[in-house]
Amino acid sequence: MPELRTYRTQVHNDWCPGCGDFGIVNAIQMTLLEMQLEPHRVAVFSGIGCSGKTPHFINAYGFHTLHGRVLPIATGAALANPGLTVVAVGGDGDGLGIGAGHFVNTGRRNVDFTYVLYDNQVYGLTKGQASPTLPKGIKTKSMPTPSIVEGVNPIAMAVASGYTFVARSYALDVRHLKQILRAAIEHKGSAFVDVLQTCPTYNDINTKEWYSGDDLPTKAPRLYKLEETGFDGRVKDPTKAEEVNAKKGSALLKSFEWGDKIPVGIFFKTEFPTYMDQLAERMPVLKDKPFVEQDVYQRDVAPLFEELT
Ligand code: SF4
């Protein structure tokens, strides 16, 4: 029986003290434990950045890939071996800057894996430059002047790209994050989780105190849970385009709430044939055995070469 330590490694962790990344890794490990997913059934891939070190700290398959390229790697693993629980992780700079094209096309394909975005609004590993999610006009401590470009909205991008599960949580609320991660992993299709993450070293605006609302006259926490407001982003009948579109519209509207109140929870969820389901329709051989079990070395390719010459 796996225990929490089953998912831990002995690799030295050099994240800054107080970094929100610790909360995310803990939540991933606790989710794997809760789901009793043994390490050999899990693969965790990462892009580049502080978050890129995640696979070093989780005892499972997986590796640290290239900048912005985690999603193609995770896609390949999920398609090759549908028996594997695939979790891709990366920062907002990695996923929505250089990796933005992959972000959009992964949503379109509806491949069955979970993408966890460590969203701290800066490029932490390279000393805190503005990342794509930093709003216009904000200046964090390593920037000489405020950002002059609009920030992107990861939730809106995910909904518009076709992800079939779109949610947000907070790195320092490990309990909530664990619930959301479990729902994302259990979802059959492309699941995206935007995790608001504190970077105490470079982002001195969106701090733990800021999320707690300490600067507000009301002192009320900025984060509120969608499910506690009656908001329900889940599509009941995915065959009804009107309902799907209406839920997408509600999710988009909610996703633009940012400031004194910030929603977390599930924004959108629907069922739709996965890329693998559709591939198996075209390639019946995949219905019996996934790619990973195909005996590719025994296959006679001579007829193929003859056909092509
Ligand atoms: Fe975490 Fe920021 Fe330090 Fe990176 S630079 S480890 S994101 S606190």
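Every read-out reported here was derived from the displayed coordinates using simple, explicitly stated rules and does not represent laboratory data. On a predicted model such as this, the values are computed, not experimentally measured, just so you know. Here Cβ is always computed from backbone atoms with ideal geometry, including for glycine, and neighbour counts include all displayed protein chains.
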Estimated vicinal HN-Hα couplings, Hz - segment 257-264 in sequence order (Karplus 6.51, -1.76, 1.60; Gly, Pro = x): 6, 7, x, 6, 10, 9, x, 10
If I model segment 204-309 as equal point scatterers sitting on the Cα atoms and use the Debye formula, what is log10 I(q)/I(0) at q = 0.13, 0.18, 0.19, 0.25 Å⁻¹? -0.72, -0.95, -1.00, -1.26
Suppose a student asked you for the relative contact order of segment 80-187, using Cα pairs under 8 Å spaced at least 6 residues apart; what percent would you report? 24 percent
C-alpha long axis of helix 70-80 to longest principal axis of the chain, angle in °: 30 degrees
As a test of the formula, what do you get for the chain when each DSSP H run with n ≥ 4 contributes -39,500 (n - 2.57) and the sum is divided by the residue count, at 222 nm and rounded to the nearest 500 deg cm²/dmol? -9000 deg cm²/dmol
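Would you mind ranking 54, 9 by Cβ crowding within 10 Å, fewest neighbours first?
On the way: 54 26, 9 13.
Arranged by neighbour count, lowest to highest, 54, 9 become 9, 54.
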For the chain, what relative contact order do you get, as a whole percent, if you take Cα pairs closer than 8 Å and at least 6 residues apart? 17 percent
Round to the nearest 10 and give me the degree value, 0 to 90, for the angle of helix 174-186's Cα axis relative to the longest principal axis of the chain. 20 degrees
Under 5 Å, built H, 5+ apart or other chain: amide partners of residue 262: 223, 224
Please compare each pair in 248/269; 53/225; 188/236 to a cut-off of 18 Å on the Cα-Cα distance and tell me which ones are over it. 53/225
Where does each of 108, 69, 168, 175 land when they are ranked from fewest to most other beta-carbon atoms within 10 angstrom? 175, 108, 69, 168
What's the angle, to the nearest 10 degrees (0 to 90), between helix 100-109's Cα axis and the longest principal axis of the chain? 50 degrees
So, in Å, what gap is there between the alpha-carbon centers of segment 253-274 and segment 4-43? 25 Å
Straight-distance crosslink candidates among aspartates and glutamates, where the alpha carbon sits under 18 Å from residue 178 and sequence neighbours closer than 8 are dropped: 3, 21, 34, 38, 119, 186, 194, 227, 228
What translational D, rounded to a whole number of µm²/s, comes out for the chain from Stokes-Einstein when the hydrodynamic radius is the Kirkwood one over Cα pairs, at 10 °C and 1.306 mPa s? 79 µm²/s
Most exposed to least, judged by fewest other Cβ atoms within 10 Å, 12, 64, 102 sort to 12, 64, 102
